[in-house]
Amino acid sequence: MGFPDVERRRVLAAAALGREATTPGPGPEGGEPLRAVTGEILDVSPHMIAVETPDGRQERLVIAPWATAWHGGDVAPADLPVRATVLMRALREGKVVERIWADTVRLTGTIVSIEGRKDVTVELDCGPHRGRRTIVIPYRATGRLRVRHPQFEPGYLFDAIGVRKDGATLALLPATSQPAYPARAVPPPPPSYAGAQARIAGTITWSDVFDGEERGAAYPMVERSDAGCPDAGVSCAALPYLAIGSLLQIQNVCANRSAVVPIVACGCVAGRFCDRCVECGTSPRGRITELSPASYVELGGDLMNGCFNAQIGLG
């Protein structure tokens, strides 16, 4: 999903501005560092898990006694199936797993069509970079999703968390409450961005469309010509325009963790959500960026919560 010349852009921008190039990575806050490990399960027991990473390496990690897992519902880590694709949050220099998410997907976009009465099939428009996705809402999940998505009709936004199973993509949990307006009627931002504003507060979410173990962010207010994204530049948050390759200093207010993360893609879909995160307190309206799952987890986020309250500054 990302742009291949992000690193080069970052270095050239620093040289042009006469400053030292900032290095992406975690900040000093939050205590013990977290590591996100992605891979396909080769073997799993109550105490160990072996995975093959996207670059072909094999890793064996210890499963902590208190570790939990999610695979369409809460399960014991040892009950996860071989060949499932997992994202794990690890401690102790990245060798001890405390949380596992298996075959987890996030389904964010505009409803195009709806079919079915019990198991409902929904086609989503996930933006120009992500295309369309066909998802299934099982009958057992429709009540929970409809409560949080009262405008369940074409033209409105949809955001859910689910799993890949038997070749289908199942939506199981609402990621957020649906905005009340159609996708093309995003409320306008405040009159102008205050250039002296050091930090911007809002909601940060995650997306599963990033590649493998990629670290990075999709940002709504990128230059359209720079990103090749005709839908860029839409947000109800007071965000400045930034270029692909720019760095964001992101602080997870809920977990007191920070990191410097590069902008690697256009976040035009995230920009259409003028919602709030209530993970710890209530954030101002607007999704200020969308992270890759690895970056989100390393900042202390839980995929099932769907968001965290955050502040961002320029790296």
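If only one of Ala50, Ala69 is more than 23 Å from Pro138 (Cα to Cα) and either in a strand (DSSP E or B) or of a type in the set (A, V, I, L, M) (or both), which one is it? Walk me through how you get there before you give the answer.
On the way: Ala69 fails: more than 23 Å from Pro138 (Cα to Cα).
Criteria check complete, one pass: Ala50.
For the subset of segment 203-256 comprising residues that are hydroxyl-bearing (Ser, Thr, Tyr) and under 13 Å from the mean Cα position of the chain (by Cα), which member is surrounded by the most Cβ atoms within 10 Å (Cβ to Cβ)? Outline the logic, then answer.
Filtering segment 203-256 for residues hydroxyl-bearing (Ser, Thr, Tyr) gives 203, 205, 207, 219, 225, 235, 241, 246.
Retained after the next criterion (residues that are under 13 Å from the mean Cα position of the chain (by Cα)): 203, 205, 207, 219.
Details: Thr203: 28, Thr205: 27, Ser207: 23, Tyr219: 32.
Across segment 203-256, the extreme among qualifying residues is Tyr219.
Matching residues to (1) open to solvent by less than 20 Å² (accessible area, probe 1.4 Å); (2) modelled with pLDDT of 95 or more; (3) outside any strand (DSSP E or B); (4) more than 24 Å from Glu290 (Cα to Cα):
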| site | (1), (2), (3), (4) |
| --- | --- |
| Pro81 | no, yes, yes, yes |
| Val86 | yes, yes, no, no |
| Ile114 | no, yes, no, yes |
| Arg117 | no, no, yes, yes |
| Glu123 | no, yes, no, no |
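If Arg99 meets every condition in (1) outside any helix (DSSP H, G or I); (2) open to solvent by less than 30 Å² (accessible area, probe 1.4 Å); (3) closer than 30 Å to Pro182 by Cβ apart from one, which number is that one?
Failing condition for Arg99: (3).
Among the candidates Ala237, Ala218, single out the residue that is small (Gly, Ala, Ser) and part of a loop (DSSP other than H, G, I, E, B).
Details: Ala218 fails: part of a loop (DSSP other than H, G, I, E, B).
Unique residue meeting the criteria: Ala237.
Filter segment 157-179 for residues that are farther than 24 Å from Ile100 by Cβ and open to solvent by less than 40 Å² (accessible area, probe 1.4 Å) and give the result.
To start, the set of residues in segment 157-179 that are farther than 24 Å from Ile100 by Cβ comprises 157-158, 177-179.
Passing the criteria: Leu157, Phe158, Gln178, Pro179.
When you scan segment 263-315, how many residues do you find that are crowded, with 24+ Cβ neighbours inside 10 Å, part of a strand (DSSP E or B) and not aliphatic (A, V, I, L, M)?
6
The values are calculated or read from the model by the stated rules, or taken from the named source; none is laboratory data. Please read these numbers as outputs of a predicted model, since none were measured by experiment. A quick note on method: Cβ atoms are made from the backbone with ideal geometry, for glycine too, and the neighbour counts reach across all protein chains shown. For accessibility, only protein heavy atoms count, side chains too; no ligands or nucleic acids. Shrake-Rupley method; radii C 1.70, N 1.55, O 1.52, S 1.80 Å.
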